[in-house]
Amino acid sequence: MALCYIQRVFRSGPLHPQPRILCLHGSPDGPGQYVAIMNSIFSAQRSMVPIDSCVIGSQHSAFLQQASYITGGVYLKPQLLDGLFQYLSTVFATDLHSRAFLQLPKPAGVDFRASCFCHKTTIDMGYICSVCLSIFCKHQKKCSTCGSVFGQAQAAQDSSTPDRKRKTPLDS
Ligand SMILES: [Zn+2]
Ligand SMILES: [Zn+2]
């Protein structure tokens, strides 16, 4: 919704503000929202809108770590919630120009793991559709997103035809 609003402002006149989005995040990531979140992140990146993240929940948010990293925003998980206003006013309320002069919190590390589209669970390794880049935790016969038909997985179930070339949709 924030990105839609920003687009409307961009297109509505000569004004060209330098918007940014702040996510105040308290709950754990919902892996079911992975696709929507990644689409929003790439949309924000294209529009050059930084996504700032202030995580007030108990655990880090891998989604927002990626969002802030990719869009050039600030990711911060305050140690002391008593000082929340101080973080909001000094770190997040500062305009983009002034940020260059601040010692902003350095990200400790970004969790780049993705969620599979089939079960919405976070995975370390998986299969990727070579056409639409959908992610799956197990080998599929067909991409559930774009409908591309995959060949056999390499060294997989069908050992009776070991010489069969692995066919991806891009081979044909
Ligand atoms: Zn899965
Ligand atoms: Zn696909």
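Here Phe92 fulfils each of the conditions (1) among the aromatic types (Phe, Trp, Tyr); (2) modelled with pLDDT under 90; (3) in the same structural domain as Ile21 (by TED's automatic domain parsing) apart from (2). Reported count of residues in region 60-90, each being out of contact with any strand residue (DSSP E or B) (no Cβ under 6 Å at 6 or more places or on another chain) and of a type in the set (Val, Ile, Thr), is 2. Working only within region 131-142, note down all residues that are out of contact with any strand residue (DSSP E or B) (no Cβ under 8 Å at 6 or more places or on another chain) and either within 11 Å of ligand 1 (Cβ to nearest atom) or at pLDDT 90 or above (or both). The answer is none; no residue qualifies.
Report yes if some residue within region 99-116 is surrounded by 13 or more Cβ atoms within 10 Å (Cβ to Cβ) and part of a helix (DSSP H, G or I); otherwise report no. Yes, region 99-116 contains at least one residue that is surrounded by 13 or more Cβ atoms within 10 Å (Cβ to Cβ) and part of a helix (DSSP H, G or I). Based on what the data block shows, is Ala44 part of a helix (DSSP H, G or I), in contact with a Pro (Cβ under 9 Å, 6 or more places away or on another chain) and within 22 Å of Ser134 (Cβ to Cβ)? So Ala44 passes the test. Set side by side, the residues Val55, Val149 differ, and just one is away from ligand 1 (no atom under 16 Å from the Cβ), of a type outside the set (Phe, Trp, Tyr), more than 21 Å from Arg20 (Cβ to Cβ) and modelled with pLDDT of 90 or more, which is Val149.
Every listed requirement among (1) more than 14 Å from the chain's Cα centre (by Cα); (2) within 12 Å of ligand 1 (Cβ to nearest atom); (3) closer than 19 Å to Phe63 by Cα; (4) without any contact (Cβ under 8 Å) to a residue 24 or more places away in the chain is met by Asp124 save one, (2).
The values are calculated or read from the model by the stated rules, or taken from the named source; none is laboratory data. Small disclaimer: the values here were computed from a predicted structure and weren't measured. Cβ coordinates were reconstructed from backbone atoms using ideal geometry, including for glycine residues, and neighbour counts include every protein chain displayed.
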